[in-house]
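The values are calculated or read from the model by the stated rules, or taken from the named source; none is laboratory data. Note that the structure is a prediction, hence the values are computed from the model and not measured. Cβ coordinates were reconstructed from backbone atoms using ideal geometry, including for glycine residues, and neighbour counts include every protein chain displayed. Keep in mind that these areas ignore ligands, DNA and RNA; they rest on the heavy atoms of the full protein, side chains included. Shrake-Rupley method; radii C 1.70, N 1.55, O 1.52, S 1.80 Å.
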Amino acid sequence: AKDAGRNNFQFYAHEMNSRALDRLKTETGLRRALERGEFVVHYQPQMDVATGRVIGAEALLRWELPGQGMVFPADFIPIAEETGLIVPIGQWVLRHVCEQKRKWHDAGWFPDLRIAVNLSARQFKQQDIARAVSQVLQETGCRPEWLELEITESVVMESPEAAAETLHKLSTMGVHLSIDDFGTGYSSLSYLKRFPLDALKIDRSFVRDVTVDADDAAIVRAVIALAHSLKLSVIAEGVETADHLDFLRAQQCDAVQGYHLGRPMPVDKFEHFMRESK
Ligand code: C2E
Ligand code: CA
Ligand code: CA
Ligand code: CA
């Protein structure tokens, strides 16, 4: 009985250790990934609905783990958030994107393309995020209006006063600001008008069944109307079919992003896509 108890204990201890170990492995792996340059940025096109032109791209992070292939954000962003590593990782993404945009500019390519970068909660709440952004822009020679920062509702609603101050600084610099995953978090509509925002991104969970689900259709219509009455533009994500696009066009949605138009692509493939899309 004594032995069984001990084995039991060892079993549980082992379970816990292996979870902690997994986390540690990822944390160490993430540090190493930064040092060794294992992160890559993929670009997903965003299309203006009225003109059919590609006006932007969202930068989406990928981890090329040697021997294991591509790791997607869902499998490492939560740990990066937990450990605070998202701050240097996010900083890397921002710099990388600004350098890329500058390269395209110098080559005379895609002059009107704005790049959207996701800003995590930890990053947004950093003491001097506005100054950090401004410094990266200066050092890379990227113009503020070439950059859009995507922030989720929960990040700004957590402490609206502080968020408003940060957003005003960024907006004054000329950086575009959008609310990501709109409608999925806790949002207070009254704050929307107090934030200097440029766009709302309708979450793909509302878009998926928009042509068959009357409730989703009503929500999407309402969000578009709300955004427009606040002089914000609206972009829908998760646009996977021609039917999605037709619905959104009929509702005067400004822009779309999704597999129907193009998946997130490595930079060379994205450049090819852009040249073909003219
Ligand atoms: P998100 O910001 O909502 O990004 C959109 C996600 O939807 C991307 O997943 C994209 O690949 C996927 N997607 C795009 N079009 C479609 C579509 O038509 N159908 C479906 N089913 N999915 C579509 P991804 O790249 O796996 O990124 C997941 C999340 O990871 C992002 O969600 C974002 O929250 C986070 N993330 C990605 N890159 C970064 C980053 O650089 N920094 C931070 N802080 N978070 C990032
Ligand atoms: Ca996003
Ligand atoms: Ca989103
Ligand atoms: Ca999302």
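Determine, yes or no, whether Asp215 is free of Cβ contacts under 8 Å to residues at least 24 places away in the same chain and either part of a loop (DSSP other than H, G, I, E, B) or farther than 21 Å from Arg114 by Cβ (or both). It is true that Asp215 is free of Cβ contacts under 8 Å to residues at least 24 places away in the same chain and either part of a loop (DSSP other than H, G, I, E, B) or farther than 21 Å from Arg114 by Cβ (or both). Criterion applied to Gly69, Gly108 was being free of Cβ contacts under 8 Å to residues at least 12 places away in the same chain, under 23 Å from Arg263 (Cα atoms) and out of contact with any helix residue (DSSP H, G or I) (no Cβ under 7 Å at 6 or more places or on another chain), and the one residue passing it is Gly69.
Once the stretch 143-169 is narrowed to residues that are more than 16 Å from ligand 2 (Cβ to nearest atom) and open to solvent by less than 10 Å² (accessible area, probe 1.4 Å), the residue that is farthest from Glu99 (Cα to Cα) is Ala163.
Take Phe195 and decide whether it is over 23 Å from Arg114 (Cβ atoms) and of a type in the set (Phe, Trp, Tyr). Give the derivation first.
On the way: over 23 Å from Arg114 (Cβ atoms): no; of a type in the set (Phe, Trp, Tyr): yes.
No; evaluated as a whole, the condition is false for this residue.
Scanning the stretch 247-278 for residues that are open to solvent by less than 70 Å² (accessible area, probe 1.4 Å), away from ligand 4 (no atom under 16 Å from the Cβ), in contact (Cβ under 8 Å) with a residue 60 or more places away in the chain and not aliphatic (A, V, I, L, M) yields Cys253, Asp254, Gly262, Pro266, Phe270, Glu271, Phe273, Ser277. Pairs are defined by a Cβ separation below 7 Å, a sequence spacing of at least 6 or placement on different chains, a first member in the stretch 162-183 that is over 14 Å from Ala121 (Cα atoms) and among the hydrophobic types (A, V, I, L, M, F, W, C), and a second member that is in a loop (DSSP other than H, G, I, E, B) and within 15 Å of ligand 1 (Cβ to nearest atom); the pairs so defined are Phe182/Asp203. For the stretch 99-118, which residues satisfy the criterion of being open to solvent by 10 Å² or more (accessible area, probe 1.4 Å), within 13 Å of Thr140 (Cβ to Cβ) and in contact with a Phe, Trp or Tyr (Cβ under 8 Å, 6 or more places away or on another chain)? Once the filter is applied, which keeps residues that are open to solvent by 10 Å² or more (accessible area, probe 1.4 Å), within 13 Å of Thr140 (Cβ to Cβ) and in contact with a Phe, Trp or Tyr (Cβ under 8 Å, 6 or more places away or on another chain), the stretch 99-118 yields only His105. Check the stretch 175-192 and report whether any residue there is within 22 Å of Leu94 (Cβ to Cβ), open to solvent by 20 Å² or more (accessible area, probe 1.4 Å) and either more than 16 Å from ligand 1 (Cβ to nearest atom) or assigned to a loop (DSSP other than H, G, I, E, B) (or both). Scanning the stretch 175-192 turns up no residue that is within 22 Å of Leu94 (Cβ to Cβ), open to solvent by 20 Å² or more (accessible area, probe 1.4 Å) and either more than 16 Å from ligand 1 (Cβ to nearest atom) or assigned to a loop (DSSP other than H, G, I, E, B) (or both).
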